[in-house]
Structures are given as C-alpha cells and as structure tokens.
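K.L.:
Below are the structure tokens for one structure; questions will follow.
The values are calculated or read from the model by the stated rules, or taken from the named source; none is laboratory data. It should be emphasised that the depicted structure is a prediction, and the values quoted were computed from it without experimental measurement. Every residue, glycine as well, gets a Cβ built from its backbone with ideal geometry; the counts of neighbours run over all protein chains shown.
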Ligand SMILES: [Zn+2]
C-alpha cells in the first residue's frame with residue numbers, strides 16, 4: 001500500500017471518529033424533550049382557528065409550544081404534517097365506572113380520541129368511590145378517570161327502595177355518605193330522576209343533598225325527570241337544585257325524546273338561557289345520534305317497583321295491577337301521534353336471559369315468538385323483559401334536526417353516554433365507539449353543521465371548564481400532555497346500530513399524560529391514565 005493511500009485512509013478514519021464524537025456530544029447535550037410533535041395544525045381547544053407549531057413534551061406535561069423545535073432535541077418525534085393536534089377529548093358523560101377494571105385499555109374510547117372519562121352519571125356510581133379508585137390505580141388504565149357521586153346509589157344505601165321522602169335522620173345519613181364520596185374525590189353529584197329510586201325523590205330532597213357539593217365545590221349533573229312533554233319543568237327543576245346551592249348545573253344527554261315535542265328547541269333553550277342570564281352556570285351535553293339507550297323500567301308506573309324486585313313480581317300477579325302497567329307501557333312507549341310503528345323503533349341491546357333477542361327490534365322478536373306484532377303483544381313483551389331484569393334497549397325516538405340544532409348551541413358539549421365495551425359483547429348503542437369521531441366526520445366535515453374549532457372546543461375546554469380542570473382541555477405550556485392527533489379528512493365513526501363493535505378511523509395518535517396509548521392507529525397497551533380527583537379530595 002502506498003504512503004498516499006495510508007495517509008488518505010487515516011484522514012478518513014480520523015474524520016469519521018471526529019464526526020461521531022461531535023454528533024453524540026451534540027445529541028447528549030441537546031436532548032430537551034421526551035417527545036416532540038412536529039408540523040401539526042394546532043387546534044388548542046379554545047375555539048380559535050388552528051395555527052402551526054411544534055409541541056415539546058417532557059414527562060407528563062407540555063413544556064414548549066414553538067414555531068420550530070429541532071428534531072435533534074427530541075428523544076422521539078411524531079411527524080404531524082397534514083394532521084390536527086388537539087387536546088385529548090374529555091367525555092363528561094360515560095358509564096365506564098367498574099368496567100375500567102375489566103377493560104383497562106379503554107379501547108373503544110381511545111380509538112375515538114378520548115383521554116378522560118367521567119363516570120358516576122345518571123344517579124349511579126360505584127360505591128364506595130375510595131375503593132374503586134384504589135383498584136383502578138392498582139390496575140392501571142389507559143385513560144384518565146373522574147367520577148360523580150350518584151344520588152340513586154346513595155339513596156338506595158340509606159333508604160332501599162322506599163318511595164317516601166327521607167326522614168330527618170335518613171337525610172343526615174345521605175348527606176354524610178355524599179360528603180364521604182366527595183372527600184374520596186368525587187367531582188360532584190349526579191341524579192337519575194327517571195330511574196329508580198331517584199324517581200321517588202322530590203326537589204326539596206335534592207336541594208338539600210346538593211348543599212354538600214356547595215361545601216367544597218363541584219357540580220351537579222342530572223339525567224332529568226322528563227325528556228319529553230315535561231322537559232321544560234324538568235330542566236327548571238335541575239336549575240333550581242343548582243341555583244339554590246350556588247353550584248353549576250350540567251343537564252345530561254339533552255334531547256327532545258318525544259315526537260310530540262320534536263323541533264321545539266325553545267322548550268330547552270328558554271329555561272337554560274333565562275337561568276344563564278340571571279347568573280346560573282348551566283351547561284348541557286349531547287351525543288350525535290337519534291336513538292337513546294337504557295332499560296325499560298322508566299316506561300312503567302314507578303310505584304310498582306316500591307320495596308324492590310320481589311315485591312314488583314308479586315304485584316304483577318294481580319290482574320288489575322298488570323292491566324294498569326300494560327296501559328302505561330302502551331301509552332309511554334308504543335303510541336305514536338305520527339303514525340310511527342313503535343315496535344320497529346325499539347331494539348334489545350343486551351339481555352342475559354335472551355341473548356337471541358340482541359340486535360332485534362320488538363316486531364322481529366314477536367315474529368320469532370310466532371305472535372302477531374300488535375301493540376298489546378309488544379307491551380306484554382316489554383313487561384316480560386323487565387321481569388327478567390338486566391335488559392338494555394335502544395329506542396329511536398329523536399329527530400335529526402333537533403340533534404343538529406342542539407349542536408349549534410355554544411353551551412352544549414359532546415358526551416357519549418356510553419360505556420366501555422368488549423368487542424363482540426351484546427349489541428350496544430354505537431355511541432360507545434363513535435360519538436366523537438361521528439361529530440368530526442359527519443357533523444363537521446360532511447354536513448358542516450358546526451366548524452372544526454367549535455367541535456373541538458365542545459370536546460375539550462368546555463367540559464374541562466365545567467369540571468374545573470386547570471391543567472387539561474387546552475394545549476398550553478404546563479398542561480398535561482393529553483393530546484389527540486387526527487387526520488381531518490379521514491376521521492369518521494364506523495360503528496353502526498347493526499354492527500356497533502367497530503373502532504373509529506382517522507385518529508392517528510393519542511397521548512395520555514405524555515405517553516402514547518394509540519400510535520399510528522394501533523393500541524400501545526400502555527396505561528398512563530390517572531384518577532382525577534374533585535375539590536374535596538383529601539379534606540378532613
Ligand atoms: Zn342518563
């Protein structure tokens with residue numbers, strides 16, 4: 001080998017070594033972020049138009065929002081060119097609760113961009129909350145979780161299935177239990193006044209119970225007593241309960257659920273806007289579907305349930321009682337002034353006793369039974385289902401125009417009213433899989449009912465404000481890095497009533513407390529979620 005060649009090769013070697021030292025030195029010295037999201041369109045949750053920026057994350061928090069952050073400063077980079085970067089969606093109305101322990105990956109919510117779930121809605125929570133929180137923290141969950149404390153749960157603990165108003169002593173015990181749950185970390189009180197035993201309570205009872213929330217802060221959320229012809233009075237009752245205690249009021253899953261009040265939005269806007277005008281903080285949530293989902297008990301006269309299930313079954317033996325119950329079911333569920341065949345609008349979603357009914361409507365079930373599809377037979381079928389208990393159903397009972405008009409109101413946020421789902425389990429309402437992506441795909445992109453910025457606000461900072469979260473729901477330096485990154489041209493729900501177990505499309509990355517739970521559309525299996533405690537947490 002010639003001298004020249006040796007010198008040349010040595011020079012190259014030294015140069016490579018030099019580069020190596022320089023490069024590794026630079027990297028070590030300048031890694032400032034665990035993760036940087038580059039070139040995304042930032043929709044910060046405030047409702048403002050998007051802007052372009054890079055986001056730097058360290059640990060659990062957003063630490064930098066800059067025009068440009070060098071990729072070399074990041075341990076990891078997410079390239080978000082062409083994608084929207086939004087705060088993680090906060091679902092203020094779920095029934096996730098205890099299912100968190102069985103479905104800790106929260107997949108049906110993560111895949112629609114949700115990073116925080118609120119449970120304990122409609123008057124029912126997992127009692128006692130302290131125990132649930134400990135179990136959930138031990139298990140580890142993908143999403144953050146907060147819970148309300150439910151009036152039905154508390155009332156049942158203290159009074160069983162009694163119809164009367166509470167005695168002074170019972171009232172004291174209910175307030176003590178609520179105080180205990182607030183100190184365990186509940187973010188407020190929920191009622192389910194169409195459900196048992198909440199349906200037995202009067203306004204005074206609820207005003208007094210809600211005073212416990214006023215002691216520490218928190219809000220009052222209500223599944224109101226009536227979502228049909230008496231909806232205005234029902235909203236006014238919820239407002240009274242909040243107003244007398246000086247606490248915010250959240251009216252849950254708002255809807256005009258009776259064809260006789262369809263397209264009469266003023267029945268909702270009038271009481272809400274009057275209250276807001278006089279200084280009561282009232283907000284609402286809705287899901288973007290024309291069908292509801294619940295059990296059948298609210299269709300029956302409520303007194304037949306007094307004292308519990310055995311008493312109910314006993315009472316039904318009496319022909320007179322049965323006839324009265326049947327008439328109520330026909331009146332409440334199976335009568336239409338618009339000539340709609342109601343038997344075709346009610347589907348069984350899940351039934352342990354009759355799994356063969358799942359996904360079928362009442363007309364189809366009667367046909368299966370070889371019975372004529374009459375209203376009479378439909379009522380008998382509903383009563384049979386209630387006798388079996390544990391049946392949930394889907395009711396097509398709203399008008400699309402009302403869903404759209406409600407969405408245009410600035411004080412209405414998005415909430416699924418769904419629960420955690422195992423793929424293939426029953427025939428649930430598709431809202432559990434597609435609420436948030438359906439708003440983004442169908443109502444924003446396809447129908448242009450509201451703008452993208454407004455839709456994101458309704459999913460992020462508005463629920464955060466209602467819950468008094470000071471470090472979530474917006475993209476801000478110092479806030480938790482709960483982020484949803486999606487393709488605005490692709491995002492859509494795919495779950496349908498016929499085929500509900502379908503994950504959404506177009507959500508690309510989801511971060512919870514800085515860690516990915518969805519990456520390039522695939523679940524990571526990580527469980528970085530936290531319990532979000534209410535204002536009384538830890539107080540003596
Ligand atoms: Zn409800």
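K.L.:
Counting only residues that are more than 26 Å from residue 431 (Cα to Cα) and either within 16 Å of the ligand (Cβ to nearest atom) or surrounded by fewer than 24 Cβ atoms within 10 Å (Cβ to Cβ) (or both), how many does segment 217-238 have?
P.N.:
Summing the residues that are more than 26 Å from residue 431 (Cα to Cα) and either within 16 Å of the ligand (Cβ to nearest atom) or surrounded by fewer than 24 Cβ atoms within 10 Å (Cβ to Cβ) (or both) in segment 217-238 gives 4.
K.L.:
Name the residue, out of 188, 119, 198, 124, that is within 16 Å of the ligand (Cβ to nearest atom), crowded, with 18+ Cβ neighbours inside 10 Å, more than 27 Å from residue 305 (Cα to Cα) and not assigned by TED's automatic domain parsing to the domain that holds residue 312.
P.N.:
Exactly one of 188, 119, 198, 124 is within 16 Å of the ligand (Cβ to nearest atom), crowded, with 18+ Cβ neighbours inside 10 Å, more than 27 Å from residue 305 (Cα to Cα) and not assigned by TED's automatic domain parsing to the domain that holds residue 312, namely 188.
K.L.:
Right, another one. For residue 359, all conditions in the list (1) surrounded by 16 or more Cβ atoms within 10 Å (Cβ to Cβ); (2) farther than 28 Å from residue 441 by Cα; (3) at pLDDT below 95 hold save one; what is the number of the exception?
P.N.:
Failed condition: (2).
K.L.:
What number of residues within segment 44-64 are in contact (Cβ under 8 Å) with a residue 60 or more places away in the chain, buried (at least 23 other Cβ atoms within 10 Å of the Cβ) and part of a strand (DSSP E or B)?
P.N.:
3
K.L.:
Here's another thing I want to ask about it. Any chance segment 133-141 includes a residue that's more than 16 Å from the ligand (Cβ to nearest atom) and either part of a strand (DSSP E or B) or modelled with pLDDT under 95 (or both)?
P.N.:
No, that holds for no residue.
K.L.:
Still on this structure: Determine, yes or no, whether residue 108 is buried (at least 23 other Cβ atoms within 10 Å of the Cβ), away from the ligand (no atom under 16 Å from the Cβ), under 20 Å from the mean Cα position of the chain (by Cα) and in a helix (DSSP H, G or I).
P.N.:
yes
K.L.:
Follow-up question, since we're still on this one. If you go through segment 80-96 one residue at a time, how many are buried (at least 24 other Cβ atoms within 10 Å of the Cβ) and farther than 28 Å from residue 50 by Cβ?
P.N.:
1
K.L.:
Would you check if there is a residue in segment 295-308 being within 16 Å of the ligand (Cβ to nearest atom) and free of Cβ contacts under 8 Å to residues at least 40 places away in the same chain?
P.N.:
Within segment 295-308 (the criterion being within 16 Å of the ligand (Cβ to nearest atom) and free of Cβ contacts under 8 Å to residues at least 40 places away in the same chain), the answer is no, since none of the residues qualifies.
K.L.:
Name the single residue, out of those in segment 492-533 being part of a loop (DSSP other than H, G, I, E, B) and without any contact (Cβ under 8 Å) to a residue 60 or more places away in the chain, that is nearest to residue 433 (Cα to Cα).
P.N.:
Result: 499.
K.L.:
Out of segment 256-269, which residues are in contact with a helix residue (DSSP H, G or I) (Cβ under 7 Å, 6 or more places away or on another chain) and either part of a helix (DSSP H, G or I) or at positive phi (or both)?
P.N.:
Across segment 256-269, the qualifying residues are 261, 263, 267, 268.
K.L.:
Here's another thing I want to ask about it. Does residue 146 qualify as being in contact with a strand residue (DSSP E or B) (Cβ under 9 Å, 6 or more places away or on another chain), more than 16 Å from the ligand (Cβ to nearest atom), at pLDDT 95 or above and assigned to a loop (DSSP other than H, G, I, E, B)?
P.N.:
No; evaluated as a whole, the condition is false for this residue.
K.L.:
Now a separate question. Among the residues of segment 405-440 satisfying the criterion of being buried (at least 24 other Cβ atoms within 10 Å of the Cβ) and farther than 18 Å from residue 293 by Cα, which is farthest from the chain's Cα centre (by Cα)?
P.N.:
440
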